[in-house]
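See structure below.
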Amino acid sequence: MKDEEYTLDDLKRFDLQIWQPRHGYRYSLDPLLLARFCGVVPAGGSIADLGAGCGIISLVLARLHQATAVVAVENNPVMAELIERNISHNRLGDRVTVCAEDVLNIRSRFTDSTFDLVVSNPPFRTAGSGKISPRSGRDAARHETTAGLADFIAAAKYLVKPSGKICFIQLPSRLSEFMACAVAMKLAVLRLRMIHNDLGVPASIFMAELAKGRRTAPVVEPPLLVRNGVGEYTDEVWR
């Protein structure tokens with residue numbers, strides 16, 4: 001791993017420094033919003049991050065929930081190695097581990113109903129859809145390769161405890177697919193929140209919390225506005 005191919009970026013709010021590809025896929029605001037959306041995790045609890053990328057969500061959740069154990073699941077061997085580097089760099093090796101495995105094979109690595117929280121920022125687009133990036137590594141993170149959205153949801157259902165929760169972030173264009181998968185897998189949608197880049201524009205992303213073994217009506221939370229009327233981050237996003 002050549003240092004010149006990566007950048008080391010400060011995430012001071014969470015006391016983290018993150019190595020990420022200089023020209024490949026780089027994390028954005030989405031994983032930070034999702035980490036906050038997850039809410040409370042029991043002390044001594046366990047977290048699984050499916051499709052962990054460089055490990056950003058895993059590391060942020062480890063900082064937010066000091067007494068938890070986190071497993072970052074990532075099938076790309078280069079990114080899995082990068083997660084290992086970020087874990088070591090931030091001295092979180094006692095609580096964060098890497099599982100270099102495809103979501104499709106998750107049953108071979110874990111028993112069912114293991115985790116208190118399963119979180120995922122999966123590829124947003126189906127194979128061949130949307131714009132194709134000329135930069136190596138970006139399409140693998142943005143577009144589904146081996147596993148699709150239904151596979152990520154199925155893996156999350158398998159891993160989460162009946163008392164636990166599942167949190168996803170995805171494009172609004174896939175909301176109907178997401179909801180249909182949840183219904184088919186008998187997962188209850190507990191919370192739904194839309195993210196808008198600015199006032200008066202359609203939602204760009206949604207976040208959802210699911211649970212298994214429950215029957216409850218979903219709560220549609222107030223929208224999250226990324227920027228205010230003058231183009232600055234809102235107070236909630238700064239927090």
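Every number here is computed from the coordinates shown, using simple stated rules; none is lab data. Worth saying up front: this structure is predicted, and the values here are computed from it rather than measured. Because the Cβ atoms are built from the backbone with ideal geometry, glycine has one as well, and the counts that use them run over all protein chains shown.
Between Leu104 and Val40, what length comes free when the chain is fully extended (0.36 nm per residue of separation minus the Cα-Cα distance, one decimal in nm)? Intermediate results must be reported in sequence, preceding the final value.
Numbers: separation 64, 0.36 × 64 = 23.04 nm, distance 2.77 nm.
Net length gain for the segment: 20.3 nm.
Provide Ile169, Ile83 in ascending order of the number of other Cβ atoms located within 10 Å of each residue's Cβ, fewest first.
On the way: Ile169 22, Ile83 27.
By the 10 Å Cβ count, ascending: Ile169, Ile83.
The distance from the alpha carbon centre of the range 173-231 to that of the range 60-118 is 25 Å, rounded to a whole number.
Summarising the amide proton neighbourhood of Val160: residues at separation of 5 or more, or on other chains, whose placed amide H is nearer than 5 Å comprise Ser113, Thr114, Phe115.
Non-local lysine pairs in the range 3-238, meaning eight or more places apart or on different chains, with alpha-carbon distances under 25 Å, amount to 8. Our estimate of slack between Asp235 and Ser173, defined as 0.36 nm per intervening residue step minus the Cα-Cα distance, is 19.6 nm. Sorted ascending by nearby beta carbons within 10 Å, beginning with the fewest, Val60, Val189, Val220 become Val220, Val189, Val60.
For the range 62-120, compute Rg over Rh where Rg is the Cα radius of gyration and Rh is the Kirkwood radius from the inverse mean 1/r over Cα pairs.
Numbers: Rg = 11.8 Å, Rh = 12.3 Å.
Reported Rg/Rh, Kirkwood definition of Rh: 0.96.
Give me the extension gain from Val78 to His196: residue separation times 0.36 nm, minus the current Cα-Cα distance, reported in nm with one decimal. The partial results should precede the final answer.
Numbers: separation 118, 0.36 × 118 = 42.48 nm, distance 3.25 nm.
Length gained between Val78 and His196: 39.2 nm.
Taking one quarter of the surface of the convex hull spanned by the alpha-carbon atoms of the range 3-238 gives a direction-averaged projected area of 12.9 nm².
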